[in-house]
2 protein chains.
Amino acid sequence: MVNGVSHPCKVVLAASIAKALASEVHNDLAKLSRKPHLHGYLANKDPAARMYADWTGKTCRENGFDFTLHDVEREDLEDELRSANHRDEIDGVIVYYPVFGSERDRTLQWTVSMYKDVEGLSPQLISNMYQNIRFLDPPFNVQKSILPCTPLAAIKILEHLHVYNSFLDYGKRLFGRRITVINRSEVVGRPLAALLANDGAEVYSVDVTGVQQFSRGSGLRRQKHETKDLEGWGLEQCLPISDVVISGVPGETYKIPTNLIREGAVCINFSSEKNFDPDVKERASIYVPAIGKVTIVVLLRNLVRLVQNKPEESGVGGA
Amino acid sequence: MVNGVSHPCKVVLAASIAKALASEVHNDLAKLSRKPHLHGYLANKDPAARMYADWTGKTCRENGFDFTLHDVEREDLEDELRSANHRDEIDGVIVYYPVFGSERDRTLQWTVSMYKDVEGLSPQLISNMYQNIRFLDPPFNVQKSILPCTPLAAIKILEHLHVYNSFLDYGKRLFGRRITVINRSEVVGRPLAALLANDGAEVYSVDVTGVQQFSRGSGLRRQKHETKDLEGWGLEQCLPISDVVISGVPGETYKIPTNLIREGAVCINFSSEKNFDPDVKERASIYVPAIGKVTIVVLLRNLVRLVQNKPEESGVGGA
């Protein structure tokens, strides 16, 4: 018997998901022939960037990875990164942005080899992501393409919550799900909408300019998502039909109107502010208030993938 | 990489689900101190009933259960059932209906002890089901109440397909799901709608008289479902918003309009006829064309539950 009437919503903290994911990472790590070594490059004076760098190092060491932090002058960084690309003992590279704080930072992202890019920001990796190309070495499909950390963290959370239906075939596990993503930044919102649509969801990507639908079309006919503008749509149209709502709007003032959210929806906040009102717990089946702790484990997972992709680990010749 | 564009729908045959469920039943069976013994009572001359009785026996023996078939005169059946209720070596009883083919058959259903009723048709069991009372012995909650076989088969199929989200707490695993059930018979459609709503779904129960909503209300506030008429609703309103469509309409002519079904819906047919057009495979994420083979395994599962409920097996005193 179901005794009494309890709160309908399960609040899931990022720490619990991070722990489960870390355990998977440890299993993969144990199968490697050596300890992966991540190198961080810090070329700004921002104390927050240094704190994040220190936190990366601590998390690496706690989880069985090596980490070396390089303090460099920003004018030297591009050369340092080129050098890192050729040093075999460097498995992964992370750069603490902003460096120049301008478009010039993009050329730094392009400098990191895609074979060492734990953040998944290399042009080829980004392109693979949008094109729904999941491997670096077709047709062998042994070397996995690396996905950007924050969008991938959201995916891993949805897998953990069983929103991905593992009964369905890989690549179609969101078929039948409608997902609203509020934020369409190039860093998180747009890649996330594309990833979800590539996995079969119908995605409503919302920002101040309007709503775009990302989907693979009727019956998942297309191999990758395409987008179309939903003229006249807003949250009023998206939220009542969405099984999942993922929000990452910066700023303290933004709040999603709870009354528009579908009963039993899964709600995930990836903003540093709380985009959902506390009363979301009266409506949602699952609420994840923050995702940061998952993102850092995803970074370690990407580092493991980079090492697994090496010919000597995958057991396959050629790179 | 997802190569080529394949069929979007996974067609799942009852045999594969029955096999997985049988494996669970075998695990439970191995923990019992003895082999459960089902007794069947056949009191009509219908060859179809005899075939079904023979099939029950075969399935029992193949799965490690004992089965004895009793051929009895229908006027003797009530006495036979009363006698069976008191014989310790009889673990479960199944009666092959129709016997009188009239309301009188109901008194036969009421005669079988609820502690031996593998079909879950005893008034107390039916009442427990509608009231969302899951155990026979509150507050100890060791003895499970038995659910009717065909509705339970549909539930087990939805669990197998991961429509039940096992990440959510037991009793809320359908929260956020909208399910259309076409058929509101007392034998299958209405109990099924009630079971789904009791597990957290919003259910649209459809028959020729109209549409009823079964749900536990906003935020699953109620402990059991309540129903309300949805005036003016039809399939046009239900299907486009339903994640799951379950249909059991008798007759060859009935077909569900595929164009109304939501992209990526899970579609299950429990009619002996095909209620879904073949083109449902162009729209659904999962299609289960028939469920009969699951129902018979559910009957064995109920038999195991009956034996587990006995004090000597559960290790708990009192019955």
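Laboratory data are not the source of any read-out in this text; all were calculated from the coordinates shown. Bear in mind the structure is a predicted one, so any value in this text is a computation, not a measurement. All Cβ positions, even for glycine, are placed from backbone atoms using ideal geometry, and neighbour counts span all protein chains on display.
Here are the numbers:
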| read-out | value |
| --- | --- |
| Quarter of Cα convex hull surface for chain A, i.e. mean projection, nm² | 18.4 nm² |
| On Cα atoms only, tilt of B:14-30 relative to the major axis of chain B in degrees | 40 degrees |
| Total charge dipole magnitude, chain B, about the Cα centre, Cβ charges on Lys, Arg, Asp, Glu only, Debye to nearest 20 | 960 debye |
| Neighbour-count order for B:Phe175, B:Phe65, fewest beta carbons within 10 angstrom listed first | B:Phe65, B:Phe175 |
| Listed peptides B:228-236, B:72-80 by packing density, highest first (mean Cβ within 10 Å) | B:72-80, B:228-236 |
| Per-pair calculated FRET efficiency, R0 = 25 Å: B:Arg82 and B:Glu103 via Cβ, rounded to 0.05 | 0.80 |
| Whole-number D in µm² s⁻¹ for the range B:34-124, Kirkwood Cα-pair radius fed into Stokes-Einstein, 25 °C, 0.890 mPa s | 185 µm²/s |
| Pairwise label distance in nanometres, B:Ala20 with A:Glu89, each label 7 Å out on the Cα-Cβ vector | 5.0 nm |
| Largest-first ellipsoid semi-axes for the protein assembly as shown, taking √(5λ) over the Cα gyration tensor eigenvalues, angstrom | 54, 27, 23 |
| Acute angle (nearest 10 degrees) that the helix B:149-160 long axis makes with the longest principal axis of chain B, alpha-carbon atoms | 50 degrees |
| Under 15 Å from the Cα of A:Lys31 - aspartates and glutamates, other chains or at least 8 residues apart | A:Glu312, A:Glu313 |
| Filter on A:Lys156/B:Lys156; A:Lys10/A:Lys172; A:Lys10/B:Lys156; A:Lys156/A:Lys293; A:Lys156/A:Lys310; A:Lys116/A:Lys310 - keep pairs with C-alpha separation over 20 Å | A:Lys156/B:Lys156; A:Lys10/A:Lys172; A:Lys10/B:Lys156; A:Lys156/A:Lys310 |
| Positive minus negative residues near B:Ser145 (Lys, Arg vs Asp, Glu; Cβ under 10 Å) | +2 |
| Net charge of neighbours whose Cβ lies under 9 Å from the Cβ of A:Asp28, counting Lys and Arg as +1 and Asp and Glu as -1 | +2 |
| Positive-end residue of B:Val298, B:Cys149, B:Pro138, charge dipole of chain B with Cβ unit charges | B:Pro138 |
| 5 Å-binned pair-distance histogram of the range B:110-253 (Cα, whole percent) | 2, 10, 19, 22, 21, 14, 8, 3, 1, 0 |
| Inter-site label distance for B:Glu186 and A:Ser166 at 7 Å from Cα along Cβ, in nm | 4.3 nm |
| Sparsely packed trypsin sites (Lys or Arg not before Pro) within the range A:142-221, loop by DSSP, other Cβ within 10 Å at most 15 | A:Arg221 |
| Degrees, to the nearest 10: B:47-62 long Cα axis against longest axis of chain B | 80 degrees |
| Local electrostatic count, B:Val249, Cβ distance below 12 Å [Lys/Arg +1, Asp/Glu -1] | 0 |
| Rg to Rh, two decimals, where the range A:69-187 supplies the alpha carbon set and Rh follows Kirkwood | 1.03 |
